[in-house]
Structures are given as C-alpha cells and as structure tokens.
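Where a number appears in this text, it was derived from the coordinates with a stated rule and is not lab data. All values derive from a computational prediction rather than experimental measurement. Cβ placement follows ideal geometry from the backbone for every residue including glycine, while neighbour counts extend to all protein chains displayed.
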Amino acid sequence: MTRLVELPEWRDLKQHCSEISKVHLGELFRREPGRAQTLSIEDCGLLLDYSKNWVTAESMRKLFALANAVGVKQAAERMFSGEKINVTENRAVLHVALRNRSGQPIYVDGKDVMPEVRAVLDKMAVAAESIRTRQKLGSTGKPIRNVVNLGIGGSDLGPAMAYEALRPYSDRELTVRFVSNVDGTHLAEATRDLDPAETLFIVVSKTFTTQETMTNAESARRWLLAALAGPSVAADPQSEKARKIVGSHFLAVSAATDKAAAFGLDPQSSVFAMWDWVGGRYSLCSAVGLALMIGIGPTNFFRMLNGFHAMDQHFLDTPLERNMPVVLALLGIWYNNFFGLQTHAVLAYDQYLSRFAAYLQQADMESNGKSIGCDGSPVAWQTGPVVWGEPGTNGQHAFYQLLHQGTKIVPADFIGFAKSHNPLGDHHAKLMANLFAQTEALAFGKSADQVRAELEAQAKTKNQAPRLDLVPHKTFPGNRPTNTILAERLDPETLGKLVALYEHKIFVQGVIWGVNSFDQWGVELGKELANRILPELQATNEPELKHDESTNRLIRWFRQRSRN
Ligand code: G6Q
C-alpha cells in the first residue's frame, strides 16, 4: 500500500486543514444554516450530532475519500468474514460472531462457529438462571447469593463496566463484585462482608495463566476452604474434600480448559469456553460476561447482544457518509493526525456509565497504541490518542477548566439520555442542561466584548469601577470540538450499541493507521520483568541484582523496609 501520508487524499486533507483551522466554529455555524442537521446521524436508536466539529461538508467528503482510499469497507468485510486479520497472532477477529443474532453462519478455518457460540450462551443462561432462582447451592446447602468475578483487563473491564451500567436491570438481592488487582486489598475488601457459604467465584481468564487472576483465584480458594472446611483442607486444595467444595463455589471462563480442570473444576459443568478468535478487550459478549448475565439475567443480556448486533449491522451495511463508527473514527483522525491533538475525552452524563471511560481506555489504547504497522515497519504518523474521562457533571468541577481555557484542545464525546432510571425531582433536567451547556460553551465560548459589557453592567449596579483587568480571565475562546451522542434510555440494547459504536470506531482508525488493533505486545515486557523481580523481592539471601542502578536501589529499599 502507498504510505498513508503519501496518499493524495491525505495530502488534500493536509491542505484543507490549514484552511479550516482559520475558521472558528461559531463562524462555521453562521455560514452554514442547517449544519446541525447535515452533520448529524440518527440511526439504531442513537443520535450523533457531530456539527460542533472543525469540519464542513467538504471536509467530511475529503475524510470519506480517505476512508475509501484505505479500503475501510473492505477491511470491515474481511473482519466479519473471519479472515485472520490479527496478523501478528495469526487469528481471526470475530467478536461480532458472539452477538451474531442473524442466524447466519460465520466461518473460521471453514468451520461455522455459531453452534459453539450458541451452546456457550445457552450454558451461561442455565448457570445464570440457577443462581437467580437460588437453586444453585453452595457446599453447605445454602443458596449462592454472592458472585465475585476474578479477572483482569479484558476479563474484567467489560463486565464490570456493563454491570454498573445496567444496574437498574440487576437482581438487587444478589451481590456481584469484580476483583482484578493483584493488590490483596482488592480481594480482601470485596470478600470481607461476604458469607463464604453463599459465595461463588468466577475465574475469568482466557489463558488461565495471568498472574493477577491466578493469584486472586488461589487466595479466594484458600479463603473459602478455610472458612468452610478449616485450615488443613485450605492447605491442600487438591484433596478430594477441597475439590468437592471448590466444585460448588467456583466456575471458570477460559480457552485453557485443561488448566481450569487442574484448578479443580469439571470441564463439562463448570468451565465455559472462550476462543482464540476473541480478543480479551472485545470479549464482553462471550462467557466473559457471565457475572453480568447472572446479575441482569439472560433476557437482558440477550437484549444487550441485540444492541451490539444492531450496531454491527449498521457498521457493515451503512454507506460511509451515514456510518456512525466511521464518522467518529474520521473525526478522531482529523484531530489526531492533522491538528496534532493528542487526547480524546469521553464524558458520559450518566452515573451508571461511571466505568465507561475506563473501559474505553483499554479498548482504544490497547488496540491502537502502536507504533509499528501491520507490515512490521514503524509508522510515520500519529496513532491512538490518550483516551480519558469521567462522568458528568463531576468532571465539570474538576478538569473542565482546562477544556474551556487551557492551552490544549481536547476533542470530547458527550453522551446523554432522554430518560433517567431515577427520575428524582428535576435532577435529570439539570444533568442534561449541563451537558448541552458544556458543548455550547466549548464551541462558542464567550467573547471579551461580552465579558466587558457584563462587568460594566455589574459594576454600575454596585456603583463601582468595573474590574476590566478580569476581561481576559473571564473570556472563553470557544472553538473546542465535541460530538454529542444521545439515546432515549441507557437500557441493555443501548449499551450494546454504544460499545459496538466505539469498537468499530477503533477498528476503522486502526485500518487507516495500518496497525494491528488486535494484538497487545506492549504489555509483555512489564510482565516479564515483574516475573524476574518477584523472586528478588522474596529471596531470603541478598540477591545479586542486575538491573539498572535506579531499579536495583528501589528493590533494595523495598527489601529493607518491607521486612522491618
Ligand atoms: C485484552 C488483553 C488483556 C487480557 C488480560 C487478561 O485484550 O488481552 O487485557 O484480557 O491480560 O488475560 P486473561 O483473560 O488471559 O487472563
């Protein structure tokens, strides 16, 4: 492929960028009546208003031309048809099969994967129902009421985010928690008020080797066995007695059935399959979502899958010009690559989406935080942005100062809903008033003339001299770009659509940047070094340290201080 930056479409955008950068958003709105309608897409139950961006219809045409030139549509078709587009791991990328509700087959290596997908979903539903109806009993005969998901990264962030997002749909008599950190505090705090006899752990690990998850799983097993059978059984988890108890209180989700079996779980009844064609951060719709399904019930889980599928179809079938993931992706490229903006904020005005930004951070940054292209050579352009965010309105009292008046421009997505699950007084109208106000303020700002007039008017009423020195401080330059994404209600379908919207946005950007969005080699070195350092921290004799001077000193400091 011609190098991205040498494409005529890229050069054209570069030229266009220097023209558009001279025009304020306010001016774009003055020049183009009807802009809000032209630069909006309403489909799939979502409204995407992208009119408050540094684009005209012409800019969008040029961006779509770029998407065409790099073959975004063809790339999407390759993904959906099970081609091994994860080239560095030689794997298909088929999270769309997990929520394929069409009844159509999807093939990997000539084999239709849909029967297996459906079988696992059915098995999940049976397990979930047995807990939700309190028929699943622990080893002492008490019904299971607490579910603790033990997983990290892709085996944690998705279900944890979605469980929080869909709390209104959850069984409030069940306790569902997510433990990810290897910091013992996480497990200790999550279990301290739980009755072990009523607790089920789900060990979610595609590989069943992840240090954090396996450490948590072993500690959870010890905690459970010690409470239910005493310390001697806890010390011998492979004993028959221990395995029987573990069998009643643990499930596993893994592609490594043999390892889950070695942990003490029956592969038939207690292990839920995963496949190598599902990446961790794209695995929410697989058995990785089991704790979520237990919490919200199979029906709501399937509603979520329907939402995912609806957005998958939108992405696959809609022309680029009306394709929401494509539009979001291109706007991201526009700011990242042509204006040099380095970060992207996701600001959800819904408390239930409190984990959404954290989830997207992984989805985006682990997917596109790459500097080597699929062909193995370094990219000569910027790739994935820093993604961050907090739910509104909290962020307004924290970091929005920088968004409005800082020296950095942060493009942002504002997400909100017409209806609240908790219609308390006028809370929801206030919440949404804030969302709309922020996008308006960011785009149009407040001029120095306006500020001066206000200061003068205020001073006049108090019979004082106006503090005109405050004019520059109180001026808002505006021209800060935002997208607004609205939906009627944060229900399971909508959540599915929102997540799939971002997944496909990330995919499109990866295609344009020419990186493999589905590997994550960048997480390996830290793991490798931690495995080397761990025995050095634990050694009883002073170990010979062969790190750099700084790391050696830090290790020695820890060894000394942690013992006294
Ligand atoms: C996600 C990554 C990563 C992974 C975790 C957990 O795409 O691959 O976040 O999900 O490292 O891995 P396991 O599921 O194998 O424990």
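Checking every one of the trypsin sites (Lys or Arg not before Pro) in region 171-237 against DSSP loop status and a limit of 15 other Cβ atoms within 10 Å picks out Arg172, Arg192.
Which of the peptides 417-430, 381-394 is most tightly packed, and how do the rest follow, judged by the mean count of other Cβ atoms within 10 Å per residue?
On the way: 417-430: 12.3, 381-394: 19.4.
Final packing ranking: 381-394, 417-430.
Taking every alpha-carbon pair under 8 Å whose residues sit at least 6 apart, region 419-524 reaches a relative contact order of 27 percent. For Val108, the amide hydrogen comes within under 5 Å of the amide hydrogens of Val113, counting only partners 5 or more places away or on other chains and with H modelled in the peptide plane.
Taking the mean number of other Cβ atoms within 10 Å as a proxy for protection, how do you rank 126-134, 33-41 from highest to lowest?
Output ranking for 126-134, 33-41: 126-134, 33-41.
Relative contact order, whole percent, for region 166-321 stands at 22, derived from Cα pairs under 8 Å and 6 or more residues apart. What do you get for trypsin sites (Lys or Arg not before Pro) in region 504-564 restricted to DSSP loop and a cutoff of at most 10 other Cβ within 10 Å of the site's Cβ? Loop-located and lightly packed - Lys546. For the chain, find the longest principal axis of its Cα atoms and tell me its angle to the long axis of helix 298-317, 0 to 90°, nearest 10. Helix 298-317 sits at roughly 50 degrees to that axis.
Size check on region 204-361: the Cα extents along the three principal axes, sorted descending, read 64, 32, 31 Å. For the chain, relative contact order (Cα pairs under 8 Å, six or more residues apart, normalised by length) works out to 18 percent.
Residue-wise HN-Hα couplings along region 463-479, as the Karplus relation 6.51 cos²θ - 1.76 cosθ + 1.60 with θ = phi - 60° gives them from phi, are 6, 10, 6, x, 7, 5, 5, 7, 3, x, 5, 9, 7, 10, x, x, 6 Hz; Gly and Pro carry x. The residue list Trp513, Gly445, Trp381 was ranked by how far each Cα lies along the charge dipole of the chain toward its positive end, using unit charges on Cβ atoms, and Gly445 comes out on top.
Angle of helix 8-20 to the longest C-alpha principal axis of the chain, folded into 0 to 90 degrees and rounded to 10: 60°.
Note on the chain: helix-only mean residue ellipticity at 222 nm, from DSSP H runs of 4+ residues weighted -39500 (n - 2.57) and normalised by residue number, equals -14500 deg cm²/dmol. By how many degrees, 0 to 90 and rounded to 10, does the Cα axis of helix 549-563 deviate from the longest principal axis of the chain? Approximately 50 degrees, to the nearest 10. Just check the chain against the gyration tensor rule for me: Cα atoms, a ≥ b ≥ c as the square roots of the eigenvalues, rounded for a/c under 1.5, and otherwise prolate or oblate depending on whether a/b exceeds b/c. Prolate, since a/c reaches 1.5 and a/b exceeds b/c. The separation of region 503-544 from region 322-366, counted between C-alpha centres, amounts to 23 Å.
What is the packing order of peptides 324-336, 65-77, taking the mean over residues of other C-beta atoms within 10 Å and listing the highest first?
Numbers: 324-336: 24.5, 65-77: 17.5.
Ranking, from highest mean packing down: 324-336, 65-77.
Step through the table entries Lys52/Lys419; Lys22/Lys474; Lys22/Lys446; Lys22/Lys62; Lys22/Lys497, compare each Cα-Cα distance with 27 Å, and write down the pairs that go over it. Over 27 Å Cα-Cα: Lys22/Lys497.
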